[in-house]
1. Please state which one of I377, I381, I442, I396 is under 28 Å from D88 (Cβ atoms), crowded, with 18+ Cβ neighbours inside 10 Å and within 16 Å of ligand 1 (Cβ to nearest atom).
2. Filter the range 402-432 for residues that are assigned to a helix (DSSP H, G or I) and farther than 22 Å from T445 by Cα and give the result.
3. Out of all the residues in the range 183-196, is one or more buried (at least 23 other Cβ atoms within 10 Å of the Cβ) and within 16 Å of ligand 2 (Cβ to nearest atom)?
4. Suppose the filter is over 27 Å from R91 (Cβ atoms) and either within 24 Å of the chain's Cα centre (by Cα) or more than 14 Å from ligand 1 (Cβ to nearest atom) (or both); does E254 pass it?
5. Among the numbered criteria (1) outside the structural domain of N11 (by TED's automatic domain parsing); (2) crowded, with 21+ Cβ neighbours inside 10 Å, which single criterion is violated by V307?
6. Examine the range 361-370 for a residue that is crowded, with 17+ Cβ neighbours inside 10 Å, polar (S, T, N, Q) and in contact (Cβ under 8 Å) with a residue 40 or more places away in the chain, and state whether such a residue exists.
7. Return the residues of the range 402-430 that are free of Cβ contacts under 8 Å to residues at least 12 places away in the same chain and hydrophobic (A, V, I, L, M, F, W, C); say none if nothing qualifies.
8. Hey, could you check the range 227-246 for residues that are among the aliphatic types (A, V, I, L, M) and part of a loop (DSSP other than H, G, I, E, B) and say which is nearest to ligand 1 (Cβ to nearest atom)?
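The values are calculated or read from the model by the stated rules, or taken from the named source; none is laboratory data. None of the values given here were measured: they were computed from a predicted structure. When we count neighbours, we look across all protein chains shown, and the Cβ atoms used for this are built from the backbone with ideal geometry, even at glycine.
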Amino acid sequence: MAYQDLRDWINTLEKEGELSRVKEKVDWDLELGAVVQETLDRRGPALLFENVKDHEHTIGRKVFSNSVGAYSRVALMLGLPKDTPYPDLIRVWRERSAAPIKPVIVDSGPCKEVILQGDDVDLFQFPVPKWHKLDGGRYIGTFDGVVTKDVVGDWMNVGLYRQMIHDRSHTGITIPTGQHIWRHWREHKGAGKNMPVSIAIGWDPVLPAVACAPVPPGVCEYDIMGALRQAPVELVKCETNDLYVPASCEIVLEGEVSSDFSTFRDEGPFGEYTGYYCSVPASRPVFHVKCITCRKDPIFQGTQEGVPINEDHIISSVNHSAAIWDLLDERMTGVKGVNVDKSTGWANVYVQIDNSYYGQVHQVAANIWSSGLSNMIGKNIFVVDEDVDVYDLEKIMWAFAYRVRPSEDIVKYPGWVSYLDPVAHPKDRIAAAVNKGERLLIDATKPFDNPKSAEWFGLKFAPLAYPDDETMEKVRKHWKKYGIGQR
Ligand SMILES: Cc1cc2nc3c(=O)[nH]c(=O)nc-3n(C[C@H](O)[C@H](O)[C@H](O)COP(=O)(O)O)c2cc1C
Ligand SMILES: [Mn+2]
């Protein structure tokens with residue numbers, strides 16, 4: 001059964017032993033971010049901060065974070081047993097998102113319990129953390145859904161784009177080239193219009209999980225959220241624009257982004273998913289908040305980005321692996337597993353193939369690098385055989401150690417890397433959404449064209465020094481009789 005709202009999700013986490021309530025007073029200014037970081041580093045639970053300094057009497061008093069920072073919680077998000085393995089999460093994500101479920105519109109909902117307009121609009125009514133010391137300000141948009149439409153109004157998009165508070169009613173927002181919000185913004189600019197924007201914070205955990213997922217252009221993320229939760233999203237119309245948000249979400253910010261460059265203000269820097277500060281403060285678009293609606297005693301949700309492995313790396317390893325696998329299946333055959341690596345902030349992608357035709361390895365890299373997804377994903381691509389567990393980094397290193405002949409199997413590809421990748425020095429910055437840099441294909445499969453060798457028992461590659469299947473099968477079947485333990 002789908003989660004009704006953030007509170008339903010928090011209750012479930014608590015029942016499952018996946019939540020800690022922090023009753024101690026915590027400062028929004030750096031302390032809260034550090035507590036979240038330490039919890040992430042300890043692979044700890046989701047956190048509900050109930051007592052945030054300076055916010056004892058504001059409209060919003062609580063902060064929720066580390067929602068899906070463990071695969072056990074991603075499994076719960078999908079209504080699966082907590083111990084569902086990571087590869088199964090990817091499989092379920094792919095299967096469900098292939099059958100979108102359209103949202104339904106309802107008349108009203110809890111997100112309208114409190115409505116602030118005009119001079120009452122005040123973003124400081126919410127306990128928004130300053131996450132890291134070098135951040136340019138308090139970041140209100142870190143794990144939410146930013147809703148926009150194209151000019152015609154046919155395509156509603158929900159993406160996760162960071163926002164920094166400038167003042168009571170303005171945030172700085174990033175609209176990088178190529179992102180779907182950028183397409184909408186460019187259309188509005190072309191039509192000489194400001195772009196309406198609404199931001200939904202705190203709902204079923206699928207909201208940020210899908211907002212940060214690579215959903216194809218033209219597809220509304222609410223349809224995919226419906227598919228993942230196996231129930232349509234109930235949407236309500238915003239007060240001041242034609243955008244729609246989940247009726248039971250905690251907080252909604254409504255307003256618009258101007259297309260006039262003279263309205264831009266400095267935004268950033270911000271600790272990024274690569275684990276570094278790579279975006280300098282720059283003149284960026286401004287979101288003018290004209291109306292805030294929220295629930296009574298709303299819970300603000302956010303996340304700590306930065307050095308992996310954080311919540312965003314966990315959830316995106318699932319949704320990015322699903323997207324890359326979909327892309328490869330569309331373009332080639334024989335892909336058996338995809339792992340967009342959480343520990344490298346998705347720079348490394350490990351792909352398992354059946355190694356059934358010459359060129360297959362190179363096609364993996366060419367297909368990923370030819371896609372726009374490669375701006376952030378897959379700087380380094382490792383391809384392995386079916387006998388190497390693509391979800392086990394130690395096995396990948398073993399394949400790298402013994403199946404790679406550097407001059408043939410390591411291919412350098414010149415081109416671009418994410419503009420958030422510190423391999424590009426600021427002096428060499430090209431400004432746009434990407435930077436100059438090199439990519440790497442590491443072919444860690446058994447060489448395809450080896451002749452058979454008598455020394456290798458008539459095989460093309462040295463046989464594995466591992467007990468034969470038949471004996472292992474027998475031993476496993478009768479494991480208990482050895483009295484060694486259950487594993
Ligand atoms: C915590 C977090 C913050 C993010 N911030 C930004 C951002 O500021 N700008 C951006 O372009 N993408 C950001 N992303 C990545 C986008 O959410 C992702 O590219 C998504 O696919 C964008 O939606 P779209 O495909 O509809 O454009 C962020 C992702 C996460 C998990
Ligand atoms: Mn989109």
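1. Working: I381 fails: within 16 Å of ligand 1 (Cβ to nearest atom); I442 fails: within 16 Å of ligand 1 (Cβ to nearest atom); I396 fails: within 16 Å of ligand 1 (Cβ to nearest atom).
Of the residues listed, the single one that is under 28 Å from D88 (Cβ atoms), crowded, with 18+ Cβ neighbours inside 10 Å and within 16 Å of ligand 1 (Cβ to nearest atom) is I377.
2. The answer is P426, K427, D428.
3. Applying the first criterion (buried (at least 23 other Cβ atoms within 10 Å of the Cβ)) to the range 183-196 yields 184, 195.
This time we only want the ones that are within 16 Å of ligand 2 (Cβ to nearest atom), so: 184, 195.
Taking every residue of the range 183-196 in turn, at least one turns out to be buried (at least 23 other Cβ atoms within 10 Å of the Cβ) and within 16 Å of ligand 2 (Cβ to nearest atom).
4. Values: over 27 Å from R91 (Cβ atoms): yes; either within 24 Å of the chain's Cα centre (by Cα) or more than 14 Å from ligand 1 (Cβ to nearest atom) (or both): yes.
Yes: the conditions hold for E254.
5. Going through the list (1) outside the structural domain of N11 (by TED's automatic domain parsing); (2) crowded, with 21+ Cβ neighbours inside 10 Å, V307 breaks only (2).
6. Start the filter on the range 361-370 by keeping residues that are crowded, with 17+ Cβ neighbours inside 10 Å, which leaves 361, 363-365, 367-369.
With the extra rule that they be polar (S, T, N, Q), the set shrinks to 363, 367.
Restricting the remaining residues to those that are in contact (Cβ under 8 Å) with a residue 40 or more places away in the chain gives 367.
Looking through the range 361-370, at least one residue is crowded, with 17+ Cβ neighbours inside 10 Å, polar (S, T, N, Q) and in contact (Cβ under 8 Å) with a residue 40 or more places away in the chain.
7. Start the filter on the range 402-430 by keeping residues that are free of Cβ contacts under 8 Å to residues at least 12 places away in the same chain, which leaves 402, 406-407, 425, 427-430.
Hit for the range 402-430 is I430, nothing else.
8. Initial filter on the range 227-246 (among the aliphatic types (A, V, I, L, M)): 227-228, 231, 233, 235-236, 243, 245.
Still in the list and also part of a loop (DSSP other than H, G, I, E, B): 231, 233, 243.
On the way: A231: 22, V233: 16, L243: 14 Å.
Residue satisfying both the conditions and the ranking: L243.
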